[in-house]
Amino acid sequence: FEKVRASTVKQWNDELSKIKISLEDKEKATIFYTALYHSYLAPNIFSDVNGKYRGRDNKIHAISNDQKQYTVFSLWDTYRATHPLFTLMQQKRTNEFIKTFLRQFEEGKDLPVWELAGNETECMIGYHSVSVIADAYLKGINQFDTTKALSAMITTAKLNEYAKIPYAKNGFIDSDQEPESVSKTLEYAYDDWCIAQMAQILNKKEDYQYFMMRSQNWKNLFDWEKGFMRPKKNGGWDKPFDPREVNNNFTEGNSWQYSFFVPQDIEGLIQAHGGKDKFEVKLDALFN
């Protein structure tokens with residue numbers, strides 16, 4: 001028991017010591033390293049010691065012993081900060097995460113949204129595995145089949161599910177077509193931009209241009225007069241509109257929060273508000 005315990009302590013210390021901080025306040029240091037520890041609790045290894053695991057198709061698959069199949073990808077929760085942290089602190093595992101995505105794509109015909117124990121829960125919105133893949137690849141983490149990855153990203157973006165087809169056709173999702181229409185439109189636009197960055201590096205010019213064009217779809221739900229992202233109904237603005245209201249057009253938020261969700265075109269969002277000075281006022285209003 002003591003041997004196993006000592007080995008485990010060493011493994012955790014090796015992981016946590018990848019970041020070294022100098023703090024005289026031991027309580028703050030404990031808070032920091034506890035938070036770092038929590039960030040490493042998932043994803044988890046899902047394949048057995050012999051390389052076997054149950055796939056999304058409910059069949060038993062096997063990989064070589066030098067590979068790992070992972071599980072617990074709550075990607076809507078983790079693509080913004082946790083996975084970018086992993087590209088710095090867990091580069092080898094990030095490669096394995098992406099290889100896991102691609103195996104899940106082969107088994108389930110789309111990239112994971114919120115995968116749990118070999119099952120796709122279809123929980124939350126977007127398909128932010130494309131964000132994880134593009135972020136890693138652009139940072140030089142590329143020990144996976146990049147051609148297959150881009151193909152999987154594009155296929156997932158064009159599937160007939162969650163209003164992806166009307167989104168591609170009209171440039172936005174109407175509130176009559178799909179719940180959480182504003183949030184999904186904005187997050188799809190971000191995912192489009194991620195796909196475009198991958199396509200550009202792989203010299204797929206048509207794909208790059210197509211998905212860059214789609215990444216500007218945020219403008220189709222931006223009310224240029226009011227300065228907010230708004231739901232549309234039957235092609236026009238859904239009324240009445242209160243940016244503070246939490247309703248079925250947004251995912252765990254409201255227009256005040258989602259109106260700033262254009263990470264792929266921050267400069268464009270600033271200009272949409274009339275420039276840096278007016279945008280600063282809008283940011284202050286959010287936090288006030």
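The values are calculated or read from the model by the stated rules, or taken from the named source; none is laboratory data. Every value quoted in this text rests on a predicted model; they were computed, and no experiment measured them. Note that each Cβ is placed from the backbone with ideal geometry, even for glycine, and that neighbours are counted across all protein chains shown. Just the protein is used for accessible areas: all its heavy atoms, side chains included, with ligands, DNA and RNA removed. Shrake-Rupley method; radii C 1.70, N 1.55, O 1.52, S 1.80 Å.
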Once you have a ≥ b ≥ c as the square roots of the Cα gyration tensor eigenvalues for the range 210-284, tell me rounded if a/c is under 1.5, and otherwise prolate or oblate according to whether a/b is larger than b/c. oblate
Using the per-residue mean of other Cβ atoms lying within 10 Å as a proxy for protection, in what order, highest first, do the peptides 160-167, 33-40 fall? 160-167, 33-40
Per residue, how much accessible area does the range 1-151 show when a 1.4 Å probe rolls over the protein heavy atoms, in square angstrom? 56
Nearest 500 deg cm²/dmol is fine: what mean residue ellipticity at 222 nm does the chain get from its DSSP H runs of n ≥ 4 alone, each adding -39,500 (n - 2.57), divided by its residue count? -15000 deg cm²/dmol
Pairs Lys109/Lys164; Lys18/Lys148; Lys20/Lys52; Lys169/Lys233; Lys18/Lys109: which are spaced more than 26 Å apart, C-alpha to C-alpha? Lys18/Lys148; Lys20/Lys52; Lys18/Lys109
Determine the distance separating the Cα centre of the range 14-68 from the Cα centre of the range 189-221; give it in Å without decimals. 32
Between Lys92 and Leu23, Cβ-based FRET efficiency (R0 25 Å, step 0.05) works out to 0.30
Within a Gaussian network of the chain (alpha carbon springs, distance under 10 Å), most fluctuating of Gly118, Gly171, Gly51: Gly51
On average, how much accessible surface per residue is there in the range 187-251, in Å², for a 1.4 Å probe, leaving out ligands, DNA and RNA? 53
Spelling out what I want: for every residue of the range 21-28, take phi, set θ = phi - 60°, compute 6.51 cos²θ - 1.76 cosθ + 1.60 (Karplus), and round to whole Hz; glycine and proline get x. 10, 10, 9, 6, 7, 5, 5, 5
Taking a ≥ b ≥ c as the square roots of the eigenvalues of the Cα gyration tensor, with a/c under 1.5 meaning rounded and otherwise prolate when a/b exceeds b/c and oblate if not, the range 30-152 is rounded
Solvent-accessible area, 1.4 Å probe, carbon plus sulfur percent, for the chain: 52
Within the set Gln216, Gln69, Gln200, GNM on the chain using Cα springs under 10 Å gives the largest fluctuation to Gln200
What percent does the relative contact order of the chain come to when contacts are Cα pairs within less than 8 Å and at least six residues apart? 11
Give, rounded to the nearest 20 debye, the magnitude of the charge dipole that the chain has about its Cα centre when Lys and Arg contribute +1 at Cβ and Asp and Glu contribute -1 at Cβ. 640
With R₀ set to 30 angstrom, the calculated FRET efficiency between the beta-carbons of Leu202 and Ala6, to the nearest 0.05, is 0.05
Expected vector for the range 216-222, Karplus 3J(HN,Hα) from phi with 6.51, -1.76, 1.60 and θ = phi - 60°, integer Hz, x for Gly and Pro, equals 8, 5, 4, 5, 6, 10, 8
Placing +1 on each Lys and Arg Cβ and -1 on each Asp and Glu Cβ in the chain, then taking the dipole about the Cα centre, the residue among Gln200, Asn247, Ser183 whose Cα reaches farthest towards the positive end is Gln200
Considering the dipole of the range 1-143 built from charges on the beta carbon (Lys and Arg +1, Asp and Glu -1) around the Cα centre, which of Asn13, Gly108, Phe97 is farthest to its positive end? Asn13
Once both labels are modelled 7 Å past Cα along the beta-carbon direction, what's the Glu245-Asp284 spacing in nm? 2.9
